[in-house]
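*Asks:* Here you go, one structure.
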Amino acid sequence: MSLSSATEATLQKVAGEFEVEVMTELQEGREQSLALVLASKRETAEAASKVLETSTKQAEALQRQIIGAAELEARNSQLKVLELAVEDVFSSAVSQIPKLENKRYQASLRKLLAEAIDVIGPNALVSANSKDSKEVFSIAKGIKGERGRLTPGDKRLDTIGGVVLSTPDKTIRFDNTFEARLERLRPTLRKEVAALLNG
């Protein structure tokens with residue numbers, strides 16, 4: 001073997017080792033690149049999954065909010081209809097009072113006065129509208145045991161009918177006018193109308 005053959009063999013050996021080393025580094029670089037690509041794919045998939053999950057949650061929340069607002073609006077509309085129905089019933093009842101025949105009206109007035117006396121007692125001040133004032137005292141004389149105990153109140157009432165009784169010292173007052181009675185019946189009437197509307 002000559003020098004050039006020895007040099008050539010050494011060069012080939014070094015070149016072979018260099019090639020193996022370069023190929024090893026290339027293989028390692030390729031494997032690292034593949035690992036990075038796979039990691040990037042995994043991270044991208046996870047990020048996309050999170051975005052999708054967040055979007056789904058936001059869509060569900062928005063859907064619940066829209067449904068809740070619609071239900072609330074429907075409930076409010078239903079309450080408005082209910083209030084209008086109750087108001088119609090009240091208006092109708094109030095408009096019928098002046099149309100009552102005299103005997104029915106007197107019977108109603110007698111009942112209102114008797115109830116008020118039961119609450120306030122027989123020793124009371126009585127107020128009524130100008131139309132009913134004389135009638136109230138006439139009726140009072142007919143209520144057993146109540147003669148002479150009721151005295152006229154200070155003023156005439158602005159009402160369609162009924163009475164207001166108060167103690168002589170005016171510390172207790174009971175409003176038993178038609179309007180006050182209807183107002184006290186409003187919660188019960190509201191329930192009945194709601195039951196009718198809801199079937």
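Laboratory data are not the source of any read-out in this text; all were calculated from the coordinates shown. The structure displayed is predicted, hence computed values, not measured ones. Note that each Cβ is placed from the backbone with ideal geometry, even for glycine, and that neighbours are counted across all protein chains shown.
*Asks:* For the chain, set up a GNM with springs between Cα atoms under 10 Å and report which of 79, 165, 62 has the largest fluctuation.
*Replies:* It is 62.
*Asks:* Give me, ordered by chain and number, the residues 5 or more places off residue 176 or on other chains with an amide H under 5 Å from its own placed amide H.
*Replies:* 163, 164, 165
*Asks:* If you don't mind, there's one more thing I want to ask. Could you give each residue of segment 153-165 its phi-based ³J(HN,Hα) in whole Hz, using Karplus coefficients 6.51, -1.76, 1.60 with θ = phi - 60°, and x for Gly or Pro?
*Replies:* Using θ = phi - 60°, the values come out as x, 5, 9, 7, 8, 9, 8, 7, x, x, 9, 10, 10 Hz.
*Asks:* For the chain, what is the mean residue ellipticity at 222 nm derived from helices alone (per DSSP H run of n ≥ 4: -39500 (n - 2.57); sum divided by total residues; nearest 500 deg cm²/dmol)?
*Replies:* When only DSSP H runs of four or more count, the value is -26500 deg cm²/dmol.
*Asks:* Tell me the label-point distance for the pair residue 115, residue 43, using the 7 Å Cα-to-Cβ offset, in nm and rounded to one decimal.
*Replies:* With each label placed 7 Å out from Cα toward Cβ, I get 8.0 nm.
*Asks:* Can you spot the lysines whose alpha carbon is less than 21 Å from residue 50's alpha carbon? Ignore those fewer than 8 places along the same chain.
*Replies:* Answer for residue 50, where 21 Å is the Cα cut-off: 41, listed by chain and number.
*Asks:* Would you work out which of 5, 45, 126 lies farthest towards the positive end of the dipole of the chain, given +1 charges on the beta-carbon of Lys and Arg and -1 on that of Asp and Glu, about the Cα centre?
*Replies:* 126
*Asks:* Sticking with this one: Two decimals is fine: what is log10 I(q)/I(0) at q = 0.12, 0.17 Å⁻¹ for the chain, from a Debye sum with one equal scatterer on every Cα and no solvent?
*Replies:* -0.82, -1.11
*Asks:* Starting from the Cα of residue 80, draw a straight line to each of the lysines and keep only those under 19 Å, dropping any in the same chain fewer than 8 residues away.
*Replies:* The reachable lysines, counting only those whose Cα sits under 19 Å from residue 80, are 191.
*Asks:* Here's something else I'd like to know. DSSP H helices in the chain with Cα extent of 30 Å or more along the helix axis and mean Kyte-Doolittle hydropathy at least -1.0? Intermediate results must be reported in sequence, preceding the final value.
*Replies:* On the way: long enough: 3-96 (136 Å, -0.12).
Membrane-span-like by this criterion, though nothing is claimed about a membrane: 3-96.
*Asks:* Still on this structure, please answer the following. Is segment 100-198 best put as rounded, prolate or oblate by its Cα gyration tensor, with a ≥ b ≥ c the root eigenvalues, rounded for a/c under 1.5, and otherwise prolate when a/b is larger than b/c, oblate when not?
*Replies:* Note, shape of segment 100-198 comes out prolate.
*Asks:* What whole-number distance in Å separates the alpha-carbon centres of segment 107-176 and segment 177-193?
*Replies:* 21
*Asks:* Give me the lysines in straight-line cross-link reach of residue 141: C-alpha distance below 30 Å, same-chain residues under 8 apart excluded.
*Replies:* Answer for residue 141, where 30 Å is the Cα cut-off: 99, 103, 111, 131, 155, 170, listed by chain and number.
*Asks:* Using a simple spin-label model with points 7 Å from Cα along the Cα→Cβ vector, what separation in nm is obtained for residue 58 and residue 173?
*Replies:* Once both label points are built, they end up 6.0 nm from each other.
*Asks:* State to the nearest 20 debye the size of the charge dipole of the chain about its Cα centre, where the only charges are +1 on K and R beta carbons and -1 on D and E beta carbons. Please report the intermediate quantities before stating the final value.
*Replies:* On the way: 29 positive and 29 negative charges, 606 e Å.
Dipole of the chain, to the nearest 20 debye: 2920 debye.
*Asks:* Let me ask another. Given DSSP loops and a limit of at most 14 other Cβ atoms within 10 Å, what is the longest stretch of the chain that contains no such trypsin sites (Lys or Arg not before Pro)? Spell out each step's value before the answer.
*Replies:* Working: sites that count: 131, 144, 147, 149, 155, 156, 170.
Longest run free of exposed loop sites: 1-130.
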